[in-house]
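The values are calculated or read from the model by the stated rules, or taken from the named source; none is laboratory data. Since the model is a prediction, treat every value here as computed from it, not as a measurement. Here Cβ is always computed from backbone atoms with ideal geometry, including for glycine, and neighbour counts include all displayed protein chains. Just so you know, the surface numbers come from the protein's heavy atoms only, side chains and all, with ligands and any DNA or RNA stripped out. Shrake-Rupley method; radii C 1.70, N 1.55, O 1.52, S 1.80 Å.
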Amino acid sequence: HNGAIGSYHPDFFIKLLNGDRWIVETKGAEALNDPLKIERLKIWCEDASNTSSQNWNYIYLRQEIWDGFKNKPNTFDDLIKMTQQN
């Protein structure tokens with residue numbers, strides 16, 4: 001929130017068999033910096049996809065979203081579909 005640059009270590013990095021790469025961030029409680037970090041992650045994924053041969057994506061999964069799923073996902077593909085609906 002104050003514009004400082006820090007190091008970044010995602011919660012999960014997933015590489016699919018088709019070569020797509022996913023960065024997954026999970027949060028129990030959202031901190032002041034989190035929306036800014038996720039917005040920057042979105043831009044980073046777009047830039048990385050445009051300048052490389054890989055497709056980069058992200059999922060931001062807050063606890064309240066996870067808790068709101070009536071049926072929990074069984075596969076990563078299910079998780080992708082479910083989070084893109086929110």
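Residue check: Phe69 meets all listed conditions (1) closer than 20 Å to Leu17 by Cα; (2) in contact with a helix residue (DSSP H, G or I) (Cβ under 7 Å, 6 or more places away or on another chain) but one, namely (1). Of the residues making up the range 1-27, those that are loosely packed, with under 10 Cβ neighbours inside 10 Å and more than 14 Å from the chain's Cα centre (by Cα) number 9.
Can you tell me which residues in the range 10-20 are farther than 14 Å from Tyr60 by Cα and of a type outside the set (Asp, Glu)? Across the range 10-20, the qualifying residues are Lys15, Leu16, Leu17, Asn18, Gly19. Taking the range 29-55 as the range and being open to solvent by less than 70 Å² (accessible area, probe 1.4 Å) and either of a type in the set (Ser, Thr, Tyr) or out of contact with any strand residue (DSSP E or B) (no Cβ under 8 Å at 6 or more places or on another chain) (or both) as the test, the residues that pass are Ala31, Asn33, Pro35, Ile43, Ser49, Ser52. Residues in the range 56-86 that are open to solvent by less than 80 Å² (accessible area, probe 1.4 Å), assigned to a loop (DSSP other than H, G, I, E, B) and over 17 Å from Phe12 (Cα atoms): Phe69 alone. Within the range 23-46, residues that are polar (S, T, N, Q) sit with their Cβ atoms under 8 Å from residues that are open to solvent by 50 Å² or more (accessible area, probe 1.4 Å), at 6+ positions apart or across chains, in these pairs: Thr26/Asp11; Thr26/Phe12; Thr26/Arg62; Thr26/Gln63; Thr26/Trp66; Asn33/His1.
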